[in-house]
Amino acid sequence: MIAYFYIDGNDAKEASECGLKLSIYGDPVLEDNGHPLKAIRALLSPKDDMDKYNDAGLECLKLDIPNGKLLVAEAAYLETGNRKWFNESVVHAENYILGSYRNPCFLITFTVMNEYIGILDKKRDVPVLYDSSEELYIHNVKSEFEYKDNDFYDKALYGYLDVMRRNWKASIEWQSDEITIFGANEKKYIIRNPVNEK
């Protein structure tokens, strides 16, 4: 499996020749019986961090690592500060289903030797299967709800227009027990009311 890791451009050559050291690039993100364990957090797609992707001072390393040695976790849980959720989200990479995490990260718990490291050429390198993990996640969540709920689109559109209304970018022009007519962008949108909404 290919993992992507951004590094200062001045250090990229050294890392590709000497390896990506866990002691330098690892962060204590995992826990084992209350003890923090270091791991290098890498990306599933180079565009999973667009700020780093567009940063001319960074190079993107391609780490070609055997599946059995990689873990995947939901990095969004780190933003909440809930380490328990983060630790519970950890799965072996071979068991990870693409699109099931909004902000997935690879966890590499060892130093990556130089023979597994290359530098991504954004213009000529092998294209990835999808643009970003977040885009794939949103698509999968939408598809899941669409499949499970015949009224998904009415609920989604109602919710979207209601958020716009709360931000003064739309208005309710007319409403009955069954439908709401929203006004936005000088147009009217006729939306079936979700259950318990009117």
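Can you run phi through the Karplus equation (6.51, -1.76, 1.60; θ = phi - 60°) for the range 57-69 and list ³J(HN,Hα) in whole Hz, with x for Gly and Pro?
In residue order, the calculated couplings are x, 10, 10, 9, 8, 9, 10, 8, 10, x, 3, x, 9 Hz.
Collect residues whose amide H, placed 1.01 Å from N in the peptide plane, falls under 5 Å from the amide H of Ile179; neighbours closer than 5 in sequence don't count.
The answer is Asn193.
With the calculation restricted to Cα positions, what are the radius of gyration and Dmax of the range 118-191 in angstrom?
Rg then Dmax for the range 118-191, in Å: 18.8, 61.
Would you calculate a helix-derived [θ] at 222 nm for the chain, using -39,500 (n - 2.57) for each DSSP H run of n ≥ 4 and dividing by the full residue count, to the nearest 500? Each step should come with its number before you reach the end.
On the way: 7 runs with 61 residues, N = 198.
After summing the helix terms and dividing by the residues of the chain, the value is -8500 deg cm²/dmol.
Please list the non-local residues whose amide H lies under 5 Å from the amide H of Leu37, H modeled 1.01 Å from N, same-chain partners needing a gap of 5 or more.
It is Val29, Leu30, Glu31, Asp32, by chain and number.
Using a 1.4 Å probe on the protein chains only, how many percent of the accessible area of the chain belongs to carbon and sulfur? Numbers along the way, then the final one.
On the way: 6330 of 12750 Å².
Summing carbon and sulfur atoms, their accessible area is 50 percent of the total for the chain.
Using a 1.4 angstrom probe with every protein chain in place, what is the largest-first accessible-area order of Leu70, Leu22, Leu37?
On the way: Leu70 0, Leu22 35, Leu37 75 Å².
So the residues, ranked largest to smallest area, are Leu37, Leu22, Leu70.
Among the aspartates and glutamates, select those whose C-alpha is under 18 Å from the C-alpha of Lys142, and discard any that sit fewer than 8 residues away in the same chain.
Asp131, Glu134, Asp151, Asp154
Here are labelled values, (1) 43, 20, 15; (2) 29, 19, 17; (3) 33, 19, 14, and one is the computed semi-axes √(5λ) of the Cα gyration tensor in Å for what I pasted. Which one?
Among (1) 43, 20, 15; (2) 29, 19, 17; (3) 33, 19, 14, the one derived from this structure is (1).
Solvent-accessible area of Trp174, probe 1.4 Å, all protein chains present, reported in Å² to the nearest ten, please.
Accessible area, nearest 10 Å²: 130 Å².
For labels at Glu173 and Lys123 in the simple 7 Å Cα→Cβ model, what's the distance in nm?
5.0
Please work out the average accessible area per residue across the range 1-153, using the 1.4 Å probe convention, and give it in Å². Present the calculation step by step, with values, prior to reporting the outcome.
Values: 9300 Å² over 153 residues.
Using a 1.4 Å probe on heavy atoms only, each residue of the range 1-153 averages 61 Å².
The values are calculated or read from the model by the stated rules, or taken from the named source; none is laboratory data. Here the structure is a predicted model, which means the values were calculated and not measured. Every residue, glycine among them, receives a Cβ derived from its backbone with ideal geometry; neighbour counts consider all protein chains shown. SASA here: full protein model, heavy atoms, side chains in, ligands and nucleic acids out. Shrake-Rupley method; radii C 1.70, N 1.55, O 1.52, S 1.80 Å.
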